[in-house]
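No lab work stands behind these numbers, since they all come straight from the coordinates. Small disclaimer: the values here were computed from a predicted structure and weren't measured. Neighbour counts run over all protein chains shown; Cβ positions are idealised from the backbone, glycine included.
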């Protein structure tokens with residue numbers, strides 16, 4: 001039976017780390033503030049927003065929401081975005097994505113102040129993460145995986161890590177974060193010839209493919225660390241990950257569940273990024 | 001005996017492809033132009049400059065060199081760089097690097113017009129290459145490997161590719177270019193626990209570690225495609241690659257030599273980038 005990697009545990013550790021920093025900032029007259037920008041009211045976005053608000057609240061971070069109508073025009077969206085972007089009280093901006101199909105997020109990626117880009121969508125942060133420059137913000141989900149590994153003291157240096165999935169939200173940036181910690185990283189995807197073999201070969205396996213329970217028992221290496229980033233809904237309407245948890249847990253040395261795994265760490269990373277940004281602005285006022 | 005992948009062959013194919021495009025541009029009154037910026041006179045830089053000039057010449061591309069004194073100040077360098085950057089006759093800029101130790105190349109990376117950044121040093125191009133956006137310029141050496149594979153019709157999709165080295169000039173961007181072509185990519189480096197095993201496991205092995213003849217016979221897989229990006233000088237003063245060519249050639253299905261391999265393709269990729277940029281400016285005048 002593998003040790004269960006609980007997202008709540010990693011999140012709690014981050015929160016404790018942040019408490020002192022937030023207190024210091026407030027003593028200096030600065031209240032860290034996250035601005036969430038939401039267009040329309042997709043249930044996914046509302047759920048994520050609720051989680052983020054709650055996390056900011058418990059960490060002493062202000063959270064403002066700019067809710068824009070679903071039928072907003074591109075120009076108007078950019079105008080509203082600019083206002084938040086320029087607001088000196090805002091230290092971090094989270095744009096809930098994807099935007100409705102009529103809108104283009106590319107101009108917003110180019111526009112966002114890289115220092116406020118706490119979910120790493122700006123090309124400046126993408127380039128920094130790719131370069132291994134730690135001043136860059138990586139997407140929160142990618143970094144949540146690193147926090148989970150760190151919290152459970154999983155050694156990364158020199159280890160064979162297989163990353164399933166090559167998205168810009170998880171697979172690619174996570175591969176760069178792992179590489180920075182000296183892992184030997186293999187990136188797999190739908191076109192990989194023998195996914196089972198690549199997975200079995202991994203000492204640490206990160207599943208971020210968006211494919212319900214695709215990692216079966218025979219795909220997990222003995223005593224592997226298995227981190228599940230997938231959030232899927234199965235045919236019975238239940239939330240599940242990319243890993244067949246019940247089948248794999250007996251083989252893994254560590255395993256993260258869904259729900260209650262990486263997903264629970266993401267909003268804590270977001271809080272950490274907002275505090276980091278607020279500290280930056282405190283030292284480098286605009 | 002593996003088939004020798006000759007850089008000159010791949011370079012010739014690129015040149016032929018460019019001839020018509022350069023003629024079309026000239027018919028439209030546009031002469032593609034590369035500006036090389038060199039600080040000091042390091043022998044490495046002079047050799048690279050000579051190769052690039054010659055390649056531009058034979059491709060009908062103008063090549064200007066701005067040679068700056070080794071003791072130039074940062075401010076002055078940035079001023080000279082700005083001039084070239086703003087010159088509407090210049091379509092591509094190649095800054096010879098590394099700069100002398102007293103100078104900082106970071107401001108130049110941020111400053112360079114991404115459309116003129118034909119060797120991919122701007123964060124904009126780095127982010128594009130990382131994102132798989134083909135409008136980005138990848139570093140010429142990384143793309144030279146892709147041209148070599150393409151010229152010899154090596155199938156990449158679904159193949160296991162091991163990249164030795166994680167630099168921003170070759171290893172990382174090349175991994176992204178390979179991933180875009182649906183390879184399963186493993187990135188190895190000095191901290192990899194079992195480099196020999198990772199190399200042996202590869203159907204395509206790219207050595208870009210900067211370590212003379214480190215890839216020995218026992219590290220090459222049977223019938224692997226072996227691409228050598230290393231340029232080293234051995235203890236006898238001879239140029240050699242990262243692969244022990246004599247030992248590996250019998251095992252490989254394809255193998256690129258050093259010299260005469262990837263290095264001979266790099267300046268052709270540079271020419272291709274300058275032409276692409278000139279075409280862009282022809283359609284999108286500033």
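Just check segment B:29-116 against the gyration tensor rule for me: Cα atoms, a ≥ b ≥ c as the square roots of the eigenvalues, rounded for a/c under 1.5, and otherwise prolate or oblate depending on whether a/b exceeds b/c. Because a/c hits 1.5 or more and a/b fails to exceed b/c, segment B:29-116 counts as oblate. Summary for residue A:65: label point 7 Å along Cα→Cβ; distances to the equivalent points in the other copies, ascending, 6.3 nm. For residue B:1, inter-copy separations between label points set 7 Å beyond Cα along the Cβ vector come to 6.4 nm, shortest first.
Please label the shape of the protein assembly as shown as rounded, prolate or oblate, based on the square roots a ≥ b ≥ c of the eigenvalues of the alpha-carbon gyration tensor (a/c under 1.5 means rounded; beyond that, a/b larger than b/c means prolate, else oblate). Cα axes put the protein assembly as shown in the oblate bin. Pair-distance distribution P(r) for chain A, from all Cα-Cα distances in 5 Å bins starting at 0: 1, 6, 12, 16, 18, 16, 13, 10, 5, 2, 1, 0 percent.
Distance between the C-alpha centres of segment A:2-50 and segment A:116-195: 20 Å, rounded to the whole angstrom. Could you identify which residue out of B:27, B:11, B:224 has the top mean-square fluctuation in a GNM of chain B using Cα springs shorter than 10 Å? Result for chain B, Cα springs under 10 Å: B:27 fluctuates most. Helix B:7-27 and the longest principal axis of the C-alpha atoms of chain B enclose an angle of approximately 20°. The C-alpha atoms of chain A define a longest principal axis, and helix A:171-180 lies at about 80 degrees to it.
When you restrict to C-alpha pairs under 8 Å that are six or more residues apart and normalise by the size of segment A:29-114, the relative contact order lands at 43 percent. Neighbour counts of C-beta atoms inside 10 Å place A:235, B:62, B:76 in the sequence A:235, B:76, B:62, starting with the fewest. So what's the angle, to the nearest 10 degrees on a 0 to 90 scale, between helix A:43-58 and the longest Cα principal axis of chain A? Tilt of helix A:43-58: around 70 degrees.
Each of B:105, A:218 was scored by other Cβ atoms within 10 Å of its Cβ. Listed from fewest to most, they are A:218, B:105.
In a fully extended conformation the segment linking residue B:102 and residue B:216 would gain 37.2 nm over its present Cα-Cα distance, using 0.36 nm per residue. When each of A:199, A:283 is scored by the number of other beta-carbon atoms lying within 10 Å, the sequence from fewest to most is A:283, A:199. Comparing A:241, A:261, A:101 in a Gaussian network model of chain A where C-alpha atoms under 10 Å apart are linked, the largest mean-square fluctuation is found at A:101.
Can you list the residues of segment B:272-286 with backbone N under 15 Å from a point 7 Å past the Cα of residue B:26, pointing along Cα to Cβ? B:275, by backbone N distance to the label point. When shorter helices are ignored and each DSSP H run of at least 4 residues is given -39500 (n - 2.57), the per-residue value for the protein assembly as shown at 222 nm works out to -12500 deg cm²/dmol. Which of these, A:226, A:258, A:39, has the largest mean-square fluctuation under a Gaussian network model of chain A (Cα springs below 10 Å)? Highest fluctuation of the listed residues: A:39. For the pair segment B:207-223 / segment B:67-107, the C-alpha centres are spaced 36 Å from each other. What does the C-alpha gyration tensor say about the overall shape of segment B:84-206? Classify as rounded when a/c is under 1.5, otherwise prolate if a/b is larger than b/c, or oblate. Prolate shape, in that a/c is at least 1.5 and a/b is the bigger ratio.
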